[in-house]
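Heads up: the structure comes next, in structure tokens.
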Protein chains: 2
Amino acid sequence: MKDDPALYLALVHYPVLNRNGAVIASAVTNLDLHDLARLACTYDLQSCYIVTPLADQQELSRRLIRHWCDGAGRELMTNRAEALRRLVLVDAVADALAAIERRHGQAPLVWATSARPGEAALEPAAARVQLAECGRPGLMLLGTGWGLAPPAMAQADALIAPIAGRNGYNHLSVRCAAAILLDRFFNGRP
Amino acid sequence: MKDDPALYLALVHYPVLNRNGAVIASAVTNLDLHDLARLACTYDLQSCYIVTPLADQQELSRRLIRHWCDGAGRELMTNRAEALRRLVLVDAVADALAAIERRHGQAPLVWATSARPGEAALEPAAARVQLAECGRPGLMLLGTGWGLAPPAMAQADALIAPIAGRNGYNHLSVRCAAAILLDRFFNGRP
């Protein structure tokens, strides 16, 4: 396991931007939880943090996870439990950082992701190399809504380069963006 | 444009398998249409075919596309129209083949995708090279439900290699699988 980069994801619902650039807490989307859990399982991430401070959204997410991990869904589709048990609900990005630090004995390197080009952004495969070299765990922050708000960006050590399409269109769903970033992180050549 | 591989996607709702291995027509999923359209736009595919013979599912899809391309959605989120107008509803895979052949003057190379390992499967980047070499358009078939049924597999010239995760888990959503396959097709090294 020594050479395995310990990568974590956080799907951030607060603080994120809405279409007008205001800081909001976005609603949790059922399919986001399923898709992110299945991605986390495919790429063997220990946990994917679902970040929301809203009690009702946490309760909704908890019910959904329970349904598939312990309830009727478990019998219906056993592989879904294997995925969804990797989801961990937390109030804030800081709680995800603290949990990873408790587990690994050191704080994670934190990367923000964005659809907008930024300065000094790393390709995901370069981030993997950086992680292997420093021996620390890593956490990639994914924003819902219109993307991570400045306070979430400020918690990151660096920025992951946006997914450049073939014609300038940069409006992928967070589900598809997460899929591409994870695949590039583990399988891309730096 | 000469060197641009003309790739098309088809999201197949019939014939696909259900959990018991029976051939069914699956229901169209709202977020599949959005995510596939946004992917098609990002990777600049001219069209993504939505394959379903069910009249009510076609009508539902048509209403959804109209809402975002011509209705209230157009004002709300202009970039969604740019994506969703790339969706083309067809009754059968054969109709997608015929439409591509009419446009390009030659039939497309057709690849089936599957989460199950198959013989002689191509990596997506190798499929891109093959397309460039033969000068034909290409069509990648994506199955909903439990994957493409044998009659759909039989319409393909070859199989695209499944997305190998890091621990054998092979249950990605079709949305995330499509994202990874397109990214590997256009950006992967053969």
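Data for the structure
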read-out: Simple Cβ-charge dipole of the stretch B:73-188, Lys/Arg +1 and Asp/Glu -1, about Cα centre, in debye nearest 20; value: 300 debye
read-out: Normalised per residue, the volume of the convex hull around the Cα set of the stretch A:1-98 (Å³); value: 112 Å³
read-out: Values of log10 I(q)/I(0), in the order q = 0.23, 0.31 Å⁻¹, for the stretch B:129-171 under a Debye, Cα-only, solvent-free model; value: -0.95, -1.16
read-out: Approximate spin-label separation B:CYS134-B:ALA154, in nm, with each point projected 7 Å along Cα-to-Cβ; value: 2.0 nm
read-out: Over chain B, relative contact order from alpha-carbon pairs under 8 Å, at least 6 apart, %; value: 29 percent
read-out: Per-residue Cβ neighbour rank within 10 angstrom, fewest leading, A:PHE185, B:PHE186; value: B:PHE186, A:PHE185
read-out: Of B:ALA179, B:ALA161, B:PRO5, farthest towards positive along the dipole that unit charges on Lys, Arg, Asp, Glu beta carbons give chain B; value: B:ALA179
read-out: Rotational relation A to B, axis-closest Cβ in chain A, residue and distance rounded to whole Å; value: A:ALA179, 2
read-out: B:ASP70 paired with B:ASP56, simple spin-label distance in nm, labels 7 Å along Cα-to-beta-carbon; value: 2.4 nm
read-out: Debye-sum result for the protein assembly as shown in log10 I(q)/I(0), which assumes one identical scatterer on each alpha carbon, at q = 0.13 Å⁻¹; value: -1.11
read-out: Fewest-first ranking of A:GLU119, A:GLU101, using other Cβ atoms within 10 Å as the exposure measure; value: A:GLU119, A:GLU101
read-out: Burial ordering of A:ARG103, B:ARG63, fewest other beta-carbon atoms within 10 Å first; value: B:ARG63, A:ARG103
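Laboratory data are not the source of any read-out in this text; all were calculated from the coordinates shown. Note that the coordinates shown come from a computational prediction; the quantities given were computed from them, not determined experimentally. Positions of Cβ are backbone-derived with ideal geometry, glycine not excepted, and every protein chain shown enters the neighbour counts.
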